[in-house]
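Down below is the structure, laid out as structure tokens.
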Amino acid sequence: MTVRPAAETDAEALGALHVHAWQEAYRGQIPQARLDALDPAERAREWHNRLSNLPPAAAVYVVDDEAGVLAGFVSTLVHPDPATGRITAIYVRPDAWGRGTGRTLMAAGLEHLRAAGCTEAVLWVLATNERARRFYEAAGWHPDGATQTEDFDGVPLEELRYRRPL
């Protein structure tokens, strides 16, 4: 696996991967109509805009599999408090789950935050996302007690904040 900074030319692959990963990871957790409505082309445009305007405190890393195909991504951001970094998203192509891709991406994201001077990191995860929560907990993350509720098409979904030292 090769980890590298994402480029604007990755936007189309990122859009497709992001949609497919959402549809698989959140099945049964987010309203199916919302998942079915996700559009890879629209998400690709969002990725293109994001990558072309990436703030200095943010980074996006991707990993390519052995065939050179995008297998996952992680995005990070340094909070207004420069001691705290945030993993804003981490997604892996479903057929690459369980192969170390997520661990590789998480290591790259955390290293970026360390290099930016952060001493701790946070992320948000759906309370119902047991698979992701197990992944985070195995990597040293723990819920810190903070919660927030997101509205997905009229369905309130609880998110938990996880934290870990760097």
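The values are calculated or read from the model by the stated rules, or taken from the named source; none is laboratory data. Fair warning: this is a prediction, and the values are worked out from it, not measured in the lab. Ideal geometry is used to build each Cβ from the backbone, glycine not excepted, and the neighbour counts take in all protein chains shown. Surface accessibility is based on the protein's heavy atoms, side chains included, excluding ligands, DNA and RNA. Shrake-Rupley method; radii C 1.70, N 1.55, O 1.52, S 1.80 Å.
Scan the range 60-70 and give yes if some residue there is open to solvent by 80 Å² or more (accessible area, probe 1.4 Å), free of Cβ contacts under 8 Å to residues at least 24 places away in the same chain and closer than 22 Å to residue 151 by Cα, otherwise no. So far as the range 60-70 goes, no, none of its residues is open to solvent by 80 Å² or more (accessible area, probe 1.4 Å), free of Cβ contacts under 8 Å to residues at least 24 places away in the same chain and closer than 22 Å to residue 151 by Cα. Applying the condition of being of a type in the set (A, V, I, L, M), touching a strand residue (DSSP E or B) at 6+ places or on another chain (Cβ under 6 Å) and more than 15 Å from residue 52 (Cα to Cα) to the range 1-16 and asking which residue is surrounded by the most Cβ atoms within 10 Å (Cβ to Cβ) yields 13. Condition check for residue 164 on (1) of a type in the set (D, E, K, R); (2) modelled with pLDDT under 95; (3) more than 18 Å from residue 32 (Cα to Cα): one failure, at (2). For the range 111-153, the tally of residues that are closer than 23 Å to residue 24 by Cβ, touching a residue at least 24 places away in the same chain (Cβ under 8 Å) and of a type in the set (Gly, Ala, Ser) stands at 3. Just one residue in the set 86, 50, 93, 27 is without any contact (Cβ under 8 Å) to a residue 12 or more places away in the chain and crowded, with 17+ Cβ neighbours inside 10 Å; that residue is 50.
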